[in-house]
1. Got a sec? Which of GLY78, GLY127 is open to solvent by less than 50 Å² (accessible area, probe 1.4 Å), touching a Leu at 6+ places or on another chain (Cβ under 7 Å) and more than 23 Å from ASN274 (Cβ to Cβ)?
2. What is the number of the single condition among (1) assigned to a helix (DSSP H, G or I); (2) touching a Leu at 6+ places or on another chain (Cβ under 8 Å); (3) touching a residue at least 40 places away in the same chain (Cβ under 8 Å); (4) not hydroxyl-bearing (Ser, Thr, Tyr) that VAL244 does not meet?
3. Could you count how many residues in the stretch 318-330 are open to solvent by less than 60 Å² (accessible area, probe 1.4 Å) and more than 9 Å from the ligand (Cβ to nearest atom)?
4. Name the residues in the stretch 87-96 that are within 17 Å of the chain's Cα centre (by Cα) and either within 16 Å of the ligand (Cβ to nearest atom) or within 18 Å of ARG321 (Cβ to Cβ) (or both), would you?
5. Identify the single condition in (1) away from the ligand (no atom under 16 Å from the Cβ); (2) closer than 20 Å to GLY289 by Cβ; (3) more than 23 Å from the chain's Cα centre (by Cα) that ILE352 does not satisfy, given that it satisfies every other one.
6. Output the number of residues of the stretch 8-19 satisfying the condition of being outside any strand (DSSP E or B) and within 17 Å of ARG43 (Cα to Cα).
7. Can you report the number of residues in the stretch 215-255 which are within 15 Å of the ligand (Cβ to nearest atom) and among the hydrophobic types (A, V, I, L, M, F, W, C)?
8. State the number of residues belonging to the stretch 361-384 that are at pLDDT below 95, of a type outside the set (Asp, Glu) and either open to solvent by less than 10 Å² (accessible area, probe 1.4 Å) or not in a loop (DSSP other than H, G, I, E, B) (or both).
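The values are calculated or read from the model by the stated rules, or taken from the named source; none is laboratory data. In this text, all values refer to a predicted model and were calculated from it rather than measured experimentally. Cβ placement follows ideal geometry from the backbone for every residue including glycine, while neighbour counts extend to all protein chains displayed. Each accessible area value is taken on the protein alone, full model and side chains, heavy atoms only, with ligands, DNA and RNA left out. Shrake-Rupley method; radii C 1.70, N 1.55, O 1.52, S 1.80 Å.
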Amino acid sequence: MAHTTKAAPAAGTVDLAYDGKSLSLPLIKGSEGEIGIDVAQLRNKTGMITFDPGFGNTGACRSAITFIDGERGILRYGGYPIEELAAKSSFLEVAWLLINGQLPTRAELETFRSEVTLHTMVHQDFGPSFEGFPKDAHPMPVCSAAVGALATFYQQPETEQSIRDTVTRLIAKMPTIAAYSYKHSLGQPFIYPRNALDYCANFLHMMFATPCEEYVVDPVLAKAVDLLLILHADHEQNCSTSTVRVVGSSRANLFASIAAGISALWGPLHGGANQQVIEMLDRIEADGGDVRAFVDRAKDKKDNNRLMGFGHRVYKNHDPRATILKKACTDVLGAKGLASRQLEIAMKLEAIALSDDYFISHKLYPNVDFYSGIIYKALGIPVNMFTVMFTLGRLPGWIAQWIEMRHDPDTRIARPRQIYTGPTVRTYVPIEARSA
Ligand code: ACO
């Protein structure tokens with residue numbers, strides 16, 4: 001287990017001129033040719049820092065896990081194009097790839113699958129901790145709390161072996177926790193995992209079975225979930241992954257770091273967008289289906305309505321995951337003989353936005369969240385569980401990035417600087433002398 005981050009080769013220097021002086025800063029080069037200015041000595045040598053809100057120009061680490069070229073719409077895990085992994089791999093195979101840096105042999109995959117299967121149950125004392133949450137609680141904070149709580153059940157000192165066990169436990173128990181959070185919201189009894197079923201089929205069984213009658217998992221649905229999880233499995237240094245790395249950089253354990261990542265993913269500008277997309281499509285439908293009017297509102301800066309599921313910090317051409325999902329949407333709906341008014345509206349919205357000057361000039365394209373909600377809806381997944389589905393998928397990516405961070409000799413506790421803009425020193429005013 002574990003990636004070892006290679007030292008990026010030197011690629012020359014760049015000179016910074018300031019106050020009549022100059023500083024030569026080293027350049028480093030990644031394996032796909034991207035170049036970074038190494039500013040590690042900047043403050044020591046000049047007293048200055050860089051300023052980059054949202055970190056759009058800042059590389060926080062070297063990583064060998066995932067490569068994205070946003071200008072060309074490329075996404076690769078460990079060098080393998082996402083299109084190929086989506087067509088040929090299973091989610092557990094992709095999880096292994098992300099965590100170990102290579103595709104598993106048949107024997108390695110079998111061992112991994114059986115280890116994961118053996119750990120799907122949660123401790124009997126774990127169930128009652130769900131009971132305390134309000135029935136209408138959103139499942140994302142429930143999942144985050146539950147993953148954090150796992151740390152109370154597994155308190156071994158941190159060793160390579162105990163981290164390996166934690167990885168297996170997290171991947172095995174996450175679907176159980178996710179399904180529990182849903183069953184809790186319905187007030188239905190929890191359904192135990194079934195070890196005879198594969199990863200995604202077992203999840204769907206725990207979600208939709210009841211003790212009262214037989215529930216047979218539809219293989220078309222299980223395959224669609226597997227595809228969605230593969231597409232979500234990693235996305236290099238996005239908001240939730242950076243959160244996992246930042247929390248882990250303080251030496252917080254893997255459970256605690258992942259719980260923080262789940263909270264970051266919940267936000268509507270990140271993983272929470274898939275829920276927002278369906279709610280937006282429903283609003284458009286309820287308002288009479290005037291798609292163009294909605295697109296016009298999304299362009300209006302005085303109006304708070306963004307086109308959810310559109311735009312991305314990195315992709316400026318297309319999001320390859322959205323392309324795969326758009327096709328999967330029509331395939332799944334076709335296979336199930338379902339018509340989706342939401343898919344119709346989404347396709348209209350996409351067509352209008354992609355021919356609109358505002359969206360063209362701002363390089364805004366559908367992202368992974370634009371179509372994923374429509375498939376989830378067709379699979380019968382409730383809307384407030386959409387981001388939980390994203391969590392299931394992103395888990396191996398978070399784990400891989402956390403392990404890589406832990407093994408990287410350059411890792412230091414994350415601690416950005418700031419440009420202070422508050423008052424300079426002033427005289428303390430006693431309370432009786434302060435004006436109202
Ligand atoms: N609808 C309308 N305008 C948009 C949208 C949108 N969805 N996204 C960006 N813009 C506009 C902004 O108003 C801004 O315009 P301006 O330069 O004229 O002021 C410009 O495009 C750049 O937008 P930023 O918010 O600065 O871009 P940033 O890279 O910081 O944000 C983000 C990316 C958060 C994804 C943004 O595009 C957005 O809010 N999209 C909608 C939410 C969404 O779908 N999130 C999921 C992302 S994928 C994921 O996390 C899994």
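1. Just one listed residue meets the conditions, GLY78.
2. Only one criterion in (1) assigned to a helix (DSSP H, G or I); (2) touching a Leu at 6+ places or on another chain (Cβ under 8 Å); (3) touching a residue at least 40 places away in the same chain (Cβ under 8 Å); (4) not hydroxyl-bearing (Ser, Thr, Tyr) is unmet by VAL244, namely (2).
3. Residues flagged as open to solvent by less than 60 Å² (accessible area, probe 1.4 Å) and more than 9 Å from the ligand (Cβ to nearest atom) within the stretch 318-330 amount to 6.
4. Selection gives PHE91, VAL94, ALA95.
5. Only one criterion in (1) away from the ligand (no atom under 16 Å from the Cβ); (2) closer than 20 Å to GLY289 by Cβ; (3) more than 23 Å from the chain's Cα centre (by Cα) is unmet by ILE352, namely (1).
6. The total comes to 1.
7. Residues meeting the conditions: 7.
8. Within the stretch 361-384, residues that are at pLDDT below 95, of a type outside the set (Asp, Glu) and either open to solvent by less than 10 Å² (accessible area, probe 1.4 Å) or not in a loop (DSSP other than H, G, I, E, B) (or both) number 15.
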